Structures are given as structure tokens and as C-alpha cells.
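These notes are about the structure you will find just below.
What follows draws every value from the coordinates through simple rules; no lab data is involved. Keep in mind that this is a model prediction, so the values were computed, not measured. Glycine gets a Cβ as well: all are built from the backbone with ideal geometry, and neighbour counts include every protein chain shown.
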Amino acid sequence: MDIVELKKDGESLTLALKGRLDAISADDFSRKVAEATAEGARHLLVEMSDLDYISSAGLRVILTAAKQLKKLGGELKLAALQENVATVFKISGFDKIIPILPTCDDA
Amino acid sequence: MHDENPRIELPATLENLPRFIAFAADQARRRGFSASRVGEIELVLEEALVNVIRYAYPESEGDLALEIRSSPESGLVLEIRDRGVSFNPLENPPPDLEADILERAVGGLGIYFIKELADRVSWRRQDQENILTLAFSDNNDKN
């Protein structure tokens with residue numbers, strides 16, 4: 001999985017995830033979020049149009065990041081999910097607890 | 001013929017996970033499964049294998065075997081075997097899908113995905129092996 005920084009503006013950060021967020025790559029995302037919050041990021045938008053796959057290990061780190069940002073007074077939002085990734089969010093009920101936007105422009 | 005079923009056996013480590021997944025995905029594609037159903041099979045298999053990798057061999061190293069069979073009724077059957085501690089993943093309680101974000105238990109979802117996305121799942125302990133059998137048909141109507 002690749003993590004690309006798309007936009008940084010004060011406390012707001014937009015990241016793009018590309019590839020697979022799974023048991024192998026989940027820690028990479030956690031590390032990136034830890035770095036970003038240490039540098040002051042509070043509002044994180046994750047663009048997922050090139051994310052092809054997510055498993056429970058990926059959902060786990062997304063949820064942990066969402067909780068962490070909420071505690072810091074910020075928020076995690078996701079955008080532009082592929083259909084199969086959206087299905088995983090729906091089955092798990094995560095679509096009800098994490099804001100999911102059609103595109104980054106809706107943020 | 002049982003002997004001719006595609007099968008791989010590798011040490012139960014996270015770094016071998018992609019090899020198991022690629023092997024099963026290739027077998028599903030060869031049987032004509034749609035791309036979206038192959039993705040679901042990959043997800044179920046990852047969840048099942050990660051359980052074995054994390055919990056089967058707490059104090060030693062061990063192997064994990066994946067065998068692929070065809071079945072007339074469901075199309076594709078994956079059989080996962082390990083010789084680790086006895087563990088029936090199907091007895092795990094389901095996650096609370098309605099819980100608030102800050103209370104929500106982080107975990108338990110893997111087994112939930114297995115039950116939701118496979119057509120049939122069964123577990124047995126036999127000759128000191130955990131044997132998890134996952135059957136898939138090529139439908140996407142379960143959701």
C-alpha cells in the first residue's frame with residue numbers, strides 16, 4: 001500500500017491510500033496517522049479511490065485513528081470508496097460511525 | 001482425486017499471507033468467479049489465515065496448509081489446516097454493530113466477515129489439526 005499526502009493546511013490533512021489496506025499494511029497507516037497528529041493534524045480526510053481492498057485489520061486502524069482524532073477534538077473522514085471497499089464498510093456497520101463522502105470535494 | 005487438489009503449505013507467518021491469498025484468488029478466477037466475488041474470497045481467507053497466524057502457535061512456529069477443492073453445489077471450497085492449539089473461530093461472539101464510535105470494540109470483525117461472506121463455514125478438530133472449511137458460490141446477492 002502507498003500513502004500519498006495530497007493536501008496540508010494547518011490542522012487539515014488529506015491523504016490518499018493506494019493498493020491494499022490489510023493485515024500487512026495496517027501498521028503503515030497507524031504510523032502515518034501518529035506522525036500527522038504529532039505534527040498537529042486534527043482533521044484528516046482519506047481519499048480511497050485507488051484503494052482496491054480492505055480487511056478487518058484495515059478497519060481496525062481506521063477506527064483507532066477516528067477515535068484518536070475525536071479525542072483530540074478533530075475528525076476522520078473518508079472519501080471516494082470503491083464499491084467493494086464500501087461494501088466492507090457497510091457490512092461492518094462502520095459506514096454509520098465514520099463519515100464517508102462521495103468525493104474529496106464534498107469535504 | 002484428493003491428491004490432485006491444488007494445495008500449498010507454508011510456515012504460518014504474516015509475510016506468507018500474500019502467497020496464500022494470491023494462490024486462492026488465482027484458483028477462484030480459473031473457476032470463473034467474478035472479480036468482486038474473488039475480492040470477497042480474499043477477504044474471508046485473510047481473516048481466517050490471520051487468526052491462525054496470530055493464535056495457533058503461541059509458543060512455537062508451525063505450518064499452515066491451504067487446499068482448494070471444487071464442489072458441485074458451491075463451486076469453490078477452501079480448506080485451512082493447522083496443527084496449533086484447538087480453536088473454533090465460529091464460537092467467537094459477533095461484534096456489536098450499533099455501538100458508538102468511542103465504545104466500539106476494536107476486533108471481532110474478522111470472524112463476522114467470514115460468516116457473512118462465505119456460503120458455508122465449518123470447523124472441526126481432527127487428528128490434532130484445526131480444519132476450517134469455507135465454501136463459496138459465485139453470487140453477490142448475500143449483501
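With a 10 Å cut-off around each Cβ of B:109-116, the average count of Cβ atoms from other chains is 4. If both residues of a DSSP beta bridge must be in the protein assembly as shown, then about 70% of such bridges are antiparallel. What FRET efficiency do you get for A:Ala34 and A:Lys7 if R0 is 25 Å and r is their Cβ-Cβ distance, rounded to the nearest 0.05? Efficiency, from the Cβ-Cβ distance: 0.80. Mean projected area of the Cα convex hull of the protein assembly as shown, taken over all directions, amounts to 14.1 nm². Using alpha carbon centroids, what distance separates the stretch A:13-54 and the stretch A:65-107, in Å? Between the Cα centre of the stretch A:13-54 and that of the stretch A:65-107, the gap is 12 Å.
With N the number of residues in the stretch B:1-66, Rg(Cα) / (2.2 N^0.38 Å) evaluates to 1.18. Computed from Cα positions, the angle between helix A:56-71 and the longest principal axis of chain A comes to roughly 30 degrees. For chain A, the Kirkwood estimate of hydrodynamic radius, built from reciprocal distances between every pair of different alpha carbons, is 13.4 Å. Other residues lying with their Cβ under 9 Å from the Cβ of A:Thr14 contribute a combined charge of -1, Lys and Arg counting +1, Asp and Glu -1. Mean residue ellipticity, 222 nm, helices only, the protein assembly as shown: the sum of -39500 (n - 2.57) across DSSP H runs of n ≥ 4, divided by residue count and rounded to 500, is -10500 deg cm²/dmol. In terms of the Cα gyration tensor, with a ≥ b ≥ c the square roots of its eigenvalues, is the stretch A:59-107 rounded because a/c is under 1.5, prolate because a/b exceeds b/c, or oblate? It is oblate, given that a/c is not under 1.5 and a/b is not larger than b/c. Can you give the net charge of the other residues whose Cβ lies under 14 Å from the Cβ of B:Arg29, counting K and R as +1 and D and E as -1? Neighbour charge sum, excluding B:Arg29 itself: -1. Of all lysines in the structure, the ones whose alpha carbon falls short of 19 Å from that of A:Lys32, not counting any fewer than 8 places away in one chain, are A:Lys7, A:Lys8, A:Lys18, A:Lys67, A:Lys70, A:Lys71, A:Lys77. Taking Cβ atoms as reference points and 12 Å as the exclusive limit, the residues near B:Ile41 contribute a net charge of -4, counting Lys and Arg as +1 and Asp and Glu as -1.
As an equivalent ellipsoid, the stretch B:2-136 spans semi-axes of 23, 20, 14 angstrom, where each value is the square root of five times an eigenvalue of the C-alpha gyration tensor, largest first.
Relative to the longest principal axis of the Cα atoms of chain A, helix A:83-92 runs at roughly 80 degrees.
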